[in-house]
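Notes follow the structure.
We did not get these values from a lab; they are worked out from the coordinates using the rules stated. Computed from a predicted structure; not experimentally measured. Using ideal geometry, Cβ is built from the backbone for each residue, glycine included, and neighbour counts are taken over all protein chains shown.
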Amino acid sequence: MMETSVDKTSEKLDLWCSGTGIAFAGPQAEQEYGERARRLSDAIQLKTPDRVPIAPLVTFFPALYSGMTMQDVMYDPDKAYAAFKKVAVDFQWDTAMNHINTLSGNMLEALDYKQLRWPGHGVAANRTYQFVEGEYMKADEYDAFLDDPSGFMVRTYLPRICGALAPFQLLPPLTMTVPYYMGITMMMAGVAFTGTVSALESIIKAQAEFMKLAISVGTFNAELQGMGFPIMMGGASQAPFDTIGDSLRGTQGIMLDMYRQPAKLLKALDKLLPTAIQMGVSSSMTSLSPVVFIPLHKGQMGFMSPEQFKTFYWPTLHKLMLALIGEGLVPMPFFEADYTDRLDIIKDIPAGKAIYCFERTDIFKAKEVLGGRVCIKGNVPSSLMCTGTPQQVRQYCKKLIDIVGRGGGLIVDGDIGIPDEAKVENVRAMTDFVKESGVYR
Amino acid sequence: MANDLINLIADLKEQEALTVVRRRLDAGEDPLLILDDSRKALVIVGKRFADCEYFIPDLLYSGEIAREIAELVKPRLARAQDVKRLGKVIIGTVSGDIHDIGKNIVSFMLDVTGFEVYDIGVDQAPQSFIDKIKETGSGIVGLSGFLTFAFDSMKETVAAIKAAGLRDKVKIMIGGGQMNDDIRKYTGADAYGEDAMAGVALARKWTGAK
């Protein structure tokens, strides 16, 4: 009897390629879906596909391309739906991107969300949403977080990031619901006297807005898959260091913590790891695609020394990716900025199980170091896409395909996906060139 | 003893450095000498950063130590410290963009290396830059931006400075996430800096400082 080892990644990718459960518009759509998904799947598994796949990430490009404002699509899921569909249909990439990342302006408003400024709410109608950094967890609050992360989130963090949830800060500790039947009575007393009901009403409003977006996205996925476009983005997660650096301590805060309270920072990173894994697994549960997007923010060259990267950043990111791979999922970290001097560290990943998106990393060097190990996605520069000519874009794509695409293992994208303000003729040039010149013979 | 403090700060020994500062203040030493040591230490930090021995967290930490020292010293300071400056630099993040980490680092490095820095903040309209040029007479302007729309914000800012008749009075540098020399050309700026030290080098070149 032959021994067979089950490759969970292959299984999941095969299931994705099969299009199980999709109501296809017709046999041609079904065939195209299969070809596209197989092309991506081959690239991920480092086999040579029929041609280099092109699977760009888009955020507000569809809005501007369709003559809408960013504010339009953030406040009306139907408009976002139409804009994103138009991009999928017009450019015929190997994947369709849905509009979950346009978020819901109404949902954020219902919560009085403080961590973003968005189009029509703090920035102009055609300026992308931007994160408002802060010390949402203070330097001396690590213990409170470590002792009771959920309690800290509900009673301290949420009130700070959402004006509408401020009453939660007056809630008694949630563990007080436990003691005998007094506990539940005490909790209701807390709810009654703290204005918690108004916070809950805001949540009801916000979730209704969220559901409008979620239903729109679900319908989009079904329709676009039925038209022959695989949805590549399955789920999402975050490196624990970024969770603390972005949302809790801020860039400056976490950088100082590396010197002043390294042990607590390391403990908090470990504490967040199971959450990060769970987030990746559960967010991809309803999706056919096993790809889990992990945008990285704070581990790049310059932002910390290679030693600090090895100590604080990489271990929990590495464990997160290995855990996702263990579930048959395909982690897709986006290495923002430049990781050229960290390639030898990040190459420690099982072969053919992940996708690394690069922005300013020397992608040709990356091919040397990572070729045969991990599929590379990227990286037509934003500067070219926004200000260059189609000729320049084609030249860059040629080099990309010739060098990084050699033998497979490349998915073409812009360096940060397609920039919102990309010139349409450049997006067209990139798309056409990859389809014409990316064919493997 | 002076060298001790300089080295302690430059080596990022926060607690030891603060202890030495307290001891020297208690001994009745001129607070200005302590501030001078602190400044010298930051110059060493800047050099180590330029040599890729230090990284941004080291810069931030040294800045934090220097800030703490300044706070300890301030109550004993009879007169303000008068440091000779190499030149003036205006810096700000361009219209629509609220990112400030990169800008703050460049500000810090320019300040440490002896420039008078006018940091006008984030999301600054072209007019704010123009007003500040008129107010300070600064010959150098640094435009910071992280997002792709900042390409156009920068271009508009450079054009506005030109329209205000100030273009030949200032040198303009750009920097930030997506910037490169293609964008430098697109915006009409004079130079692009890859990192904070490149910004300092440009400022030095333009002021003729050694």
Selected from B:Pro31, B:Ala41, B:Leu59, residue furthest toward positive end of dipole (region B:2-76; charges at beta carbon):
B:Pro31
Report Rg/Rh for the protein assembly as shown, rounded to two decimals, where Rg is the Cα radius of gyration and Rh the Kirkwood radius.
0.99
For the pair A:Lys267 and A:Ala125, the simple spin-label estimate (label points 7 Å beyond Cα toward Cβ) gives in nm 5.1
Taking R0 as 51 Å, what's the FRET efficiency between A:Met211 and B:Thr19 from their Cβ-Cβ distance, rounded to 0.05?
0.30
So if each residue of separation counts as 0.36 nm, and I subtract the Cα-Cα distance between A:Lys347 and A:Asp90, what length gain in nm does that give?
88.9 nm
For chain A, take the longest principal axis of its alpha carbons; what is the angle in degrees between that and the long axis of helix A:424-437, to the nearest 10 within 0 to 90?
50
Once the other residues with Cβ under 14 Å from the Cβ of B:Gly92 are scored (Lys, Arg +1; Asp, Glu -1), what is the net sum?
-4
Selection from A:Ile254, B:Met154, A:Gly371 lying farthest towards where the dipole of the protein assembly as shown points positive, charges on Cβ:
B:Met154
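With both bridge residues required to lie in chain A, what share of the DSSP beta bridges run antiparallel, to the nearest 5%?
Details: 5 of 30 bridges.
Within chain A, antiparallel bridges account for around 15 percent of the total.
Need the full-extension length gain, B:Glu53 to B:Glu68, defined as separation in residues times 0.36 nm minus the C-alpha distance. One decimal, nm. Walk me through the numbers on the way to the answer.
Working: separation 15, 0.36 × 15 = 5.40 nm, distance 2.35 nm.
Contour length minus the Cα-Cα distance gives 3.0 nm.
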Identify which of A:Ala43, A:Ala429, A:Ala96 has the largest mean-square fluctuation in a Gaussian network model of chain A, with springs joining Cα atoms closer than 10 Å.
A:Ala429
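Charges only on Cβ, +1 for Lys and Arg, -1 for Asp and Glu: so what's the dipole of region B:87-207 about the Cα centre, in debye to the nearest 20?
Values: 13 positive and 16 negative charges, 96 e Å.
Result for region B:87-207 is approximately 460 debye, rounded to the nearest 20.
Among residues other than A:Tyr356 whose Cβ falls under 10 Å from its Cβ, what is the net charge (Lys/Arg +1, Asp/Glu -1)?
On the way: positive: A:Lys347, A:Arg373, A:Lys377; negative: none.
Around A:Tyr356, the surrounding residues sum to +3.
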Greater than 19 Å apart at Cα, pairs in A:Lys319/A:Lys365; B:Lys88/B:Lys134; B:Lys88/B:Lys171; A:Lys114/A:Lys267; A:Lys347/A:Lys377; A:Lys85/A:Lys353:
A:Lys319/A:Lys365; A:Lys114/A:Lys267; A:Lys85/A:Lys353
How much length would be gained if the chain were fully extended between A:Phe364 and A:Asp14, taking 0.36 nm per residue of separation minus their Cα-Cα distance, in nm to one decimal?
123.1 nm
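At a Förster distance of 45 Å, what's the computed FRET efficiency of A:Gln169 paired with A:Arg260, Cβ-Cβ distance as r, to 0.05? Show your work: numbers first, answer last.
Values: r = 26 Å, r/R0 = 0.58.
The calculated FRET efficiency here is 0.95.
Need one word for region B:87-207: rounded, prolate or oblate. Basis is the Cα gyration tensor (sqrt eigenvalues a ≥ b ≥ c); a/c below 1.5 gives rounded, then a/b vs b/c decides. Display every interim value, and only then the final one.
Numbers: a/c = 1.31, a/b = 1.06, b/c = 1.23.
Note, shape of region B:87-207 comes out rounded.
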Within a Gaussian network of chain B (alpha carbon springs, distance under 10 Å), most fluctuating of B:Ala125, B:Ala163, B:Ala198
B:Ala163
For region B:2-76, just say rounded, prolate or oblate: build the C-alpha gyration tensor, square-root its eigenvalues into a ≥ b ≥ c, call rounded for a/c under 1.5, and beyond that prolate if a/b exceeds b/c, oblate if not.
prolate
Out of A:Met332, A:Met107, A:Met176, any idea which swings most in a Gaussian network model of chain A, alpha carbons joined below 10 Å?
A:Met176
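Run the dipole for the protein assembly as shown about the Cα centre, Lys and Arg Cβ at +1, Asp and Glu Cβ at -1, nothing else charged, and hand back the magnitude in debye, nearest 20.
On the way: 70 positive and 80 negative charges, 214 e Å.
Its charge dipole is roughly 1020 debye.
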